[in-house]
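Structure, as structure tokens:
The values are calculated or read from the model by the stated rules, or taken from the named source; none is laboratory data. For clarity, every value in this text was computed on a predicted model and none was experimentally measured. Cβ: placed from backbone, ideal geometry, glycine included. Neighbour counts: every protein chain shown.
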Ligand code: N01
């Protein structure tokens, strides 16, 4: 007799529900697992269409929690087919006696939180009522087929098949006239099989998709060898990777190499036959449209290579969306299908379906009769299965109501107002943007650990705080905002289901980062949660996440490169290293004109580079000093930033070189910076600028020089500057501030690197000079208006802020911008870190304001 009151009710017996059941039992929790199907397997139980296969290689798409399985279960292929994956699920269920803990052919209709009993009441399709302390939805992300929303679907008298609900006995299409509607993964996988049997096949395509061949075969020996050699290391690498699959990380922008090189690199990725490899070829495929377009071009060229009829090839070539923003597909001979004489492609964007009829499909003035129609039209993804159950939380609030404008969760695991309610791979977690097996295991383990911890400490309920949920929403939005996903109508955005709120449903910050956040939340005393029970309460409101996601991603990539520390290099080596790094970055936007020249420095000629806007001049002039700790860099080393500022602010930027330490120590750089300003002031008109509209700007050590020359101009009779734009400037040689301690390690510019710079540049005594530490100036009055930008995770943050405060105290108009989640270098990474865009837009408007009204 099944228990009516248990610790945990789990809905779904796919890979998530099965593992959770195993862990709950191990920890001594009573549970009921309720499953609508008549066997385990979840998505692999339902999706039995011909050709259904996992797009993630079997080395990576398998449980890790039972290491014996690695030897016990031999996968026959690199990409396992659905029957084999289902057999695997059944094997595991038998081995671990999971069948005995699962009620099959039972649906959950309703679940309601009883706040007085602190329990959930669950109503099932069999009329049973079960109470439980904790309620877990392990219902999968793609389990509710969406309504095909085509007129006349109920009229057709022939055979109707839905890929996500395929008959268990299979379908023989031999000799049939078949229509397939949809060209997503399910269609792309099933089409070659259907085409091989059908007498006639018509494919109705609304949006063409990117697909690459799976090159299926035996498991790749190199991956198997790595896995077998050190299982733990391999699996940990997967867990901490961006997508849940160990993979080489890209280090170069698609825009930093020639098209030929880019295509050669993509070809290499293509040959691997791994779903995630193409998108991981370059650093910026997911975030930069131009970089993404390189991949799109490559993918389209592949379609044209295979499909013989150029018009059909073009119809199959995606044009309207960025690669990866709709789930890319893997296929075996998909595009080849369209070379078969009995296969026809109908582009329903041009020839819309008017109706399904009793005998076939009417479209664009044509009627075609069919024996079978296959709907491969997708799913109500991520939220469909969850809100399909009538779930009522505290104060009568239903989840459907709460989520009517889009799902709100904390960590994609929990949601405010619904205590002791958990989702496995829910919206707001990496889920469908990851290797599901890795994400499932992580969520199961998090829930298990939370339950054990609560039990140990005597807590009965756990619920996220509203602040934590809001923080998570902001973080998810930060992540989504830097990607190209939101420009595309995809099921990731809920856009495939009419009326569904348009929001990026999965968390796109990466599997490893997400795991770290969840672990941190638990380790720091359930950060963002309120726990209650037995007269006790524990409230730990947050904050949750601070760093900009793209900045953190870059740091992750850099960590994998194990770069030598700058301070261990000689200046010459460090310069070589910086030059090599610069070749891998994106070049920045085009500007009207770039001209190089020389000017008289304090001790001989030095180089400059002028960036002129495309608009008609003369333009306001910004004398720009590059970063590099007075040791590294040149007038061209901040090229992308200079281009960006020139374009955004419509001003002329003159980036000037100066002598570098240790060859020329303090005050050589200051003398040159000052000489440059005077020379520009004298020659502004000749250079195409407005002589009475000059400002200075600089980044880091260049910000230091800009601040210093602004003081010198005030004290030496001009030029009269319109403003000073200081980006993460050095202002104080004492290096005493709190940000040196908080951010001294791990954020590219480290405390040690700063010390190395200072040691090369200036003696302890010299650092006290106002020409080295402009913050020490006895007076900052009458300086030009300033804009000072600091990065939250920069060792120099506090000295930048201190300078801004001191200027303001002295009556100087100051705009201070604290770049949330940024490090010292990130704001300058034009076209590589999108989160810097808004900061640079502010910097540009700061520049415009310096010159406004003139
Ligand atoms: O569904 P989809 P799917 N009229 O939504 C079209 C996973 N999966 O079942 O793009 C005409 O991708 C729709 O057109 P459009 C994987 O994550 C994994 O194929 O909306 N057409 C689209 O072409 C995948 O992404 C694996 O314009 C209509 C198609 O139907 C996800 O499941 C295998 C239409 C739906 O494509 C879903 O894939 C299979 C209409 N009214 C699936 N409505 C593996 O890992 C929709 N369409 C192997």
### Message
For the structure I just gave you, tell me whether residue 42 is within 16 Å of the ligand (Cβ to nearest atom), more than 19 Å from residue 243 (Cα to Cα) and in contact (Cβ under 8 Å) with a residue 40 or more places away in the chain.
### Response
yes
### Query
Which of the residues that make up segment 58-71 are more than 17 Å from residue 245 (Cα to Cα) and assigned to a loop (DSSP other than H, G, I, E, B)?
66, 67, 68
### Message
Given the criteria more than 16 Å from the ligand (Cβ to nearest atom) and touching a residue at least 60 places away in the same chain (Cβ under 8 Å), does residue 146 qualify?
### Response
no
### Query
Which condition does residue 127 not pass, out of (1) more than 33 Å from the chain's Cα centre (by Cα); (2) in contact (Cβ under 8 Å) with a residue 60 or more places away in the chain; (3) under 23 Å from residue 399 (Cα atoms), if it passes all the others?
(2)
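Condition check ((1) part of a strand (DSSP E or B); (2) within 23 Å of residue 16 (Cβ to Cβ); (3) modelled with pLDDT of 95 or more) across all residues:
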| position | (1), (2), (3) |
| --- | --- |
| 123 | yes, yes, yes |
| 131 | yes, yes, yes |
| 134 | yes, yes, yes |
| 139 | no, yes, yes |
| 147 | no, no, no |
| 154 | no, no, no |
| 157 | no, no, yes |
| 169 | no, no, no |
| 172 | no, no, yes |
### Query
Which of the residues spanning segment 592-602 are surrounded by fewer than 20 Cβ atoms within 10 Å (Cβ to Cβ) and touching a strand residue (DSSP E or B) at 6+ places or on another chain (Cβ under 6 Å)?
592, 593, 594, 595, 596, 597, 598
### Message
Could you go through segment 72-79 and let me know if any residue there is over 16 Å from residue 3 (Cβ atoms) and touching a strand residue (DSSP E or B) at 6+ places or on another chain (Cβ under 9 Å).
### Response
yes
### Message
Take residue 74 and tell me if it is outside any helix (DSSP H, G or I) and within 16 Å of the ligand (Cβ to nearest atom).
### Response
no
### Query
Taking the condition out of contact with any helix residue (DSSP H, G or I) (no Cβ under 9 Å at 6 or more places or on another chain) and more than 16 Å from the ligand (Cβ to nearest atom), does residue 4 pass?
yes
### Query
Residue check: is residue 401 over 35 Å from the mean Cα position of the chain (by Cα) and farther than 30 Å from residue 56 by Cβ?
no
### Message
Tell me the residue from 68, 84, 105 that is surrounded by fewer than 20 Cβ atoms within 10 Å (Cβ to Cβ) and within 16 Å of the ligand (Cβ to nearest atom), please.
### Response
84
### Query
Given the structure, is residue 171 more than 16 Å from the ligand (Cβ to nearest atom) and more than 33 Å from the chain's Cα centre (by Cα)?
yes
### Task
Mind listing just one residue for me: the one in segment 490-510 that is modelled with pLDDT of 95 or more and farther than 13 Å from residue 383 by Cα and, of those, surrounded by the most Cβ atoms within 10 Å (Cβ to Cβ)?
507
### Query
What pairs come up if the first residue lies in segment 581-599 and is more than 15 Å from residue 833 (Cβ to Cβ), the second is surrounded by fewer than 17 Cβ atoms within 10 Å (Cβ to Cβ) and at pLDDT 95 or above, and their beta carbons are under 6 Å apart, counting only those six or more places apart or on different chains?
592/614; 598/605; 598/607
### Sole residue being buried (at least 18 other Cβ atoms within 10 Å of the Cβ) and over 18 Å from residue 777 (Cα atoms), chosen from 677, 705, 726
677
## Note on the structure
Checked 374, 444, 432 against criteria (buried (at least 23 other Cβ atoms within 10 Å of the Cβ) and within 16 Å of the ligand (Cβ to nearest atom)); the one match is 374
### Message
For segment 603-628, give me the residue count where each residue is surrounded by 20 or more Cβ atoms within 10 Å (Cβ to Cβ) and in a strand (DSSP E or B).
### Response
13
### Message
Here is a check on your reading of the model: is residue 367 away from the ligand (no atom under 15 Å from the Cβ), surrounded by fewer than 22 Cβ atoms within 10 Å (Cβ to Cβ), modelled with pLDDT of 95 or more and part of a strand (DSSP E or B)?
### Response
yes
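Yes/no matrix, rows are residues, columns are (1) surrounded by 18 or more Cβ atoms within 10 Å (Cβ to Cβ); (2) within 13 Å of the ligand (Cβ to nearest atom); (3) over 16 Å from residue 330 (Cβ atoms); (4) without any contact (Cβ under 8 Å) to a residue 24 or more places away in the chain:
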{"position": "188", "(1), (2), (3), (4)": "yes, yes, no, no"}
{"position": "192", "(1), (2), (3), (4)": "yes, no, no, no"}
{"position": "197", "(1), (2), (3), (4)": "no, no, yes, no"}
{"position": "205", "(1), (2), (3), (4)": "yes, yes, yes, no"}
{"position": "210", "(1), (2), (3), (4)": "yes, yes, no, no"}
{"position": "215", "(1), (2), (3), (4)": "no, no, no, no"}
{"position": "221", "(1), (2), (3), (4)": "no, no, yes, yes"}
### Message
Could you go through segment 44-67 and let me know if any residue there is on the phi > 0 side of the Ramachandran plot and touching a strand residue (DSSP E or B) at 6+ places or on another chain (Cβ under 7 Å).
### Response
no
### Cross-chain or 6+ apart pairs with Cβ under 9 Å, segment 484-495 first and in contact (Cβ under 8 Å) with a residue 60 or more places away in the chain and on the phi < 0 side of the Ramachandran plot, then part of a helix (DSSP H, G or I) and within 8 Å of the ligand (Cβ to nearest atom)
491/432; 492/432
### Query
What is the residue count in segment 240-266 for residues that are in a helix (DSSP H, G or I) and in contact (Cβ under 8 Å) with a residue 24 or more places away in the chain?
5
